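First up is the structure itself, then whatever we jot down about it.
The values are calculated or read from the model by the stated rules, or taken from the named source; none is laboratory data. From a predicted model like this one, the values you see are computed outputs, not experimental measurements. All Cβ positions, glycine included, derive from the backbone under ideal geometry; neighbour counts span all protein chains shown. Heads up: the accessible areas ignore ligands, DNA and RNA and are worked out on the full protein's heavy atoms, side chains in. Shrake-Rupley method; radii C 1.70, N 1.55, O 1.52, S 1.80 Å.
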Amino acid sequence: MRRFTGQLPVTWPKSGAQLPISVGDASYDPLFPSGWGLTTLTKAPQGGVTTLRALGAAATAAERAGADQAGRALVGKARLLVQQRAAGRITERVAKPFAQADHLLLTGRYGKAVEKLTAAYRSAA
């Protein structure tokens, strides 16, 4: 079996009627938010919000230290937790902070990205 990983570089709308769609829209309710993806390379960590707090602290430390690779990996683990909890039930309350986290990741704000993912995780209940 071949291992793979992939993430959406853009938002995937539910229908063509939503186009154009952007994270900043008042109503951001896509089928899949920007950054949503699949992987067979890593398993989602266990622990929920407690794990997300630890990932957030470590991500903030990585950001301060300029450890970009470590920061991205920590955000990736947090993302997997959210995706596991949300499964196929992606609501607007999950999608918006998830996509915002993707934008924060791109700008090197790893701690804030995990904060957004924690909000998405809580909304996925």
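Other residues within the sphere of radius under 13 Å centred on the Cβ of residue 18, judged by their own Cβ, net out at -2 (K and R +1, D and E -1).
Principal-axis analysis of the Cα atoms of the chain puts helix 110-123 at an angle of about 50° to the longest axis. Considering the chain at the alpha-carbon level, its Rg and Dmax are found to be 14.0, 44 Å. Over the chain, Cα pairs under 8 Å with separation of 6+ residues give a relative contact order of 28 percent. Counting only residues at least eight positions apart within a chain, or on another chain, the lysines with an alpha carbon under 20 Å from that of residue 43 are 77.
In plain terms, the chain from residue 12 to residue 73 could stretch by 19.6 nm, reckoned as 0.36 nm per residue minus the Cα-Cα distance. The listed peptides 15-28, 109-122, 45-58, ordered by packing as a protection proxy, come out as 109-122, 45-58, 15-28 (highest mean of other Cβ atoms within 10 Å first). Inter-label distance, residue 64 to residue 122: 2.3 nm, where each label sits 7 Å from its Cα along the C-beta direction.
Centre-to-centre, using Cα atoms only, the range 1-57 and the range 63-125 are separated by 8 Å. Packing here is the average count of other Cβ atoms within 10 Å per residue, and on that basis the peptides 29-38, 60-69, highest first, run 29-38, 60-69. Accessible surface of the chain, 1.4 Å probe: 56 percent of it comes from carbon and sulfur atoms.
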